[in-house]
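Structure, as structure tokens:
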Amino acid sequence: MLMPLSAARWNDQTAAHLLNRAGFGGPPAEIEQLVALGPEGAVNRLVDYEQIPDATKDPEWARPDPERLQRLAALRQKSEEERRLALREEQQLQRQRIMELRGWWLRRMVSGPRPLQEKLTLFWHGHFATSVEKVRDAYYMWRQNELFRRLASGSWPQLLAEVGKDPAMLIWLDQAQSRREKPNENFARELMELFALGEGHYTEKDVTEAARALTGWTLDRATQKFVERDRAHDPGSKTILGRTGNFTGDDVIEIVVAQPQAARFITGKLWHYFAGVRPDAALNDALAAELRAAGMNFKPLLRKLFLSEEFYAPNVIRTQVKSPVQWLVMAIRQLERPLPPPQVCHTLTRSLGQELFQPPNVKGWDGGLTWITTNNLLTRYNEAATLVYGDLGPVRDAMRANPNRAAAQEPRLQRRMEERLDRLRLAGVDPEKLFTVDERFKKEELIAALERRFLQAPLRETQRQALRQFLDARGATDNDDILGAIRLILCTPDYQLT
């Protein structure tokens with residue numbers, strides 16, 4: 001198990017597979033760089049991302065705002081109409097900031113210097129699924145996102161503990177309201193069921209006892225920070241997963257992570273996320289053993305995973321359905337085009353079933369084949385035209401069909417939305433940036449270049465013939481023909497896989 005990939009198997013296809021799964025793919029030049037590094041060098045470049053400077057600036061508003069609570073408290077002295085207006089303005093501000101945050105994160109995925117760090121941040125966002133719908137504070141959502149980024153490949157116990165104390169999570173799972181008189185079980189339950197152990201590896205009694213131990217973990221809304229309040233904590237004896245004592249919240253994390261299942265659970269999810277298939281029992285045990293041997297730190301496990309023969313098996317390469325975010329970011333990187341404005345990107349991924357900072361429930365997104373339905377497959381094909389040609393027709397239709405709640409209720413906001421839609425512009429792709437002269441004017445070379453850039457594998461013969469017929473029907477190829485060919489590639493079933 002987990003034997004290193006032979007250097008003889010390191011080529012364009014395996015290097016592209018690594019970049020696709022440990023990052024968000026990229027143009028042929030980036031794949032060629034990884035090929036030249038060899039398997040160990042390529043994996044080290046991605047895994048040891050802390051050695052690469054990242055000068056990305058935080059959003060301007062991404063800092064504590066201790067006066068916010070005072071402003072909201074002062075509304076009690078205002079009239080009902082003044083309160084309603086002020087709350088509406090606050091909600092609008094938070095919506096604007098969360099949209100900026102989505103764009104900020106997507107830019108990191110598209111052009112940031114640490115692709116694996118962003119891919120892991122996306123994994124943890126789905127794993128600890130927290131939605132702005134309930135948190136309603138862009139600063140808290142940014143802070144949680146930064147927590148995932150900071151500890152992306154670090155310590156499993158530390159990540160669990162810091163997530164439990166994170167303001168967004170304290171609100172999302174109601175831990176901030178938990179008191180010794182009435183412990184709230186939400187975080188304790190999800191810690192065991194969804195975050196660290198999985199169903200069947202704990203009892204209801206474990207949940208209720210852990211909830212008692214976690215009382216006192218709460219949020220100081222004035223400072224916008226975690227605080228542990230002794231007066232709210234239940235100091236009595238508890239029995240959790242076979243251990244008895246006067247446990248605190250930190251003890252709960254330590255007890256849960258000490259379970260053998262804790263390593264198996266998270267390594268199974270990580271393998272599934274990166275490999276696209278679920279590990280069998282033997283492979284999962286081997287992965288869990290690696291994590292335990294590394295002191296429950298993820299980086300050595302990730303290095304082993306990305307270098308393993310199993311990760312490059314035929315049933316792994318090009319078998320994973322791209323999530324909407326993967327689809328968008330990979331397409332932008334392969335097309336070497338600018339990222340569209342945040343509202344456009346959000347509309348594109350929302351139409352396909354994924355909204356950043358707004359997972360559907362505490363389990364996050366199901367992923368895999370659930371991303372593909374008859375309707376959203378057609379949507380992917382339509383949205384390919386948006387990215388290739390700059391055609392915003394589908395985006396405008398989607399925005400009009402799904403306005404935000406405030407715009408849907410107020411004519412004034414509806415008019416503003418229509419004005420913004422009228423101003424939206426998006427440039428198309430420049431074929432001369434993507435292909436050499438020979439590739440643009442020699443059809444066989446163009447087809448080979450399209451396969452190399454967008455699929456890293458040959459088209460199926462029927463698809464190749466259809467593409468050739470499309471080009472032959474146009475005589476000498478020009479830029480419009482090349483854009484049409486790109487869109488056809490992006491509309492193939494094969495392009496939906498990575």
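Where residues in the range 433-468 are at pLDDT 95 or above and among the aromatic types (Phe, Trp, Tyr), which of them is surrounded by the fewest Cβ atoms within 10 Å (Cβ to Cβ)? Residue satisfying both the conditions and the ranking: 435. Here 247, 195, 226 are screened, and the one residue that is of a type outside the set (Ser, Thr, Tyr) and more than 25 Å from residue 298 (Cβ to Cβ) is 247. With a requirement of 2 or more residues that are of a type outside the set (A, V, I, L, M, F, W, C) and in contact with a His (Cβ under 8 Å, 6 or more places away or on another chain), the helices (runs of 4 or more DSSP H) lying completely within the range 241-332 that satisfy it span 260-275. A Cβ distance below 6 Å, combined with a sequence gap of six or more or placement on separate chains, defines the contacts here; from the range 92-108, residues that are of a type in the set (Phe, Trp, Tyr) reach residues that are at pLDDT 95 or above in the pairs 104/59.
Assess whether residue 51 counts as being without any contact (Cβ under 8 Å) to a residue 60 or more places away in the chain and more than 21 Å from the chain's Cα centre (by Cα). Yes.
Residues of the range 63-86 include at least one that is of a type in the set (Ser, Thr, Tyr) and over 20 Å from residue 138 (Cβ atoms). Please find, within the range 111-123, the residue that is nearest to the chain's Cα centre (by Cα) out of those that are crowded, with 20+ Cβ neighbours inside 10 Å and part of a helix (DSSP H, G or I). Across the range 111-123, the extreme among qualifying residues is 122. Among the residues of the range 184-215, the ones that are in a loop (DSSP other than H, G, I, E, B) and crowded, with 20+ Cβ neighbours inside 10 Å come to 3 in all. Among residues of the range 147-165 that are of a type in the set (A, V, I, L, M), those with a beta-carbon under 6 Å from a residue that is assigned to a loop (DSSP other than H, G, I, E, B) at least six positions away or on a different chain give the pairs 147/166; 159/151; 163/128.
Residue by residue through the range 435-464, note down the ones that are over 28 Å from the mean Cα position of the chain (by Cα) and of a type in the set (A, V, I, L, M, F, W, C). So that I can check it myself, show each step before the final result.
Step one: of the range 435-464, the residues over 28 Å from the mean Cα position of the chain (by Cα) are 435-449, 458-464.
Hits for the range 435-464 are 435, 437, 441, 446, 447, 448, 449, 459.
May I ask you to list the residues in the range 216-261 that are at pLDDT 95 or above, hydrophobic (A, V, I, L, M, F, W, C), under 23 Å from residue 144 (Cα atoms) and surrounded by fewer than 21 Cβ atoms within 10 Å (Cβ to Cβ)? Once the filter is applied, which keeps residues that are at pLDDT 95 or above, hydrophobic (A, V, I, L, M, F, W, C), under 23 Å from residue 144 (Cα atoms) and surrounded by fewer than 21 Cβ atoms within 10 Å (Cβ to Cβ), the range 216-261 yields 226, 227, 257.
Within the range 477-498, being under 19 Å from residue 438 (Cα atoms), β-branched (Val, Ile, Thr) and not in a helix (DSSP H, G or I) holds for one residue alone: 477.
The values are calculated or read from the model by the stated rules, or taken from the named source; none is laboratory data. From a predicted model like this one, the values you see are computed outputs, not experimental measurements. With ideal geometry, Cβ positions are generated from the backbone for all residues, glycine too; neighbour counts draw on all protein chains shown.
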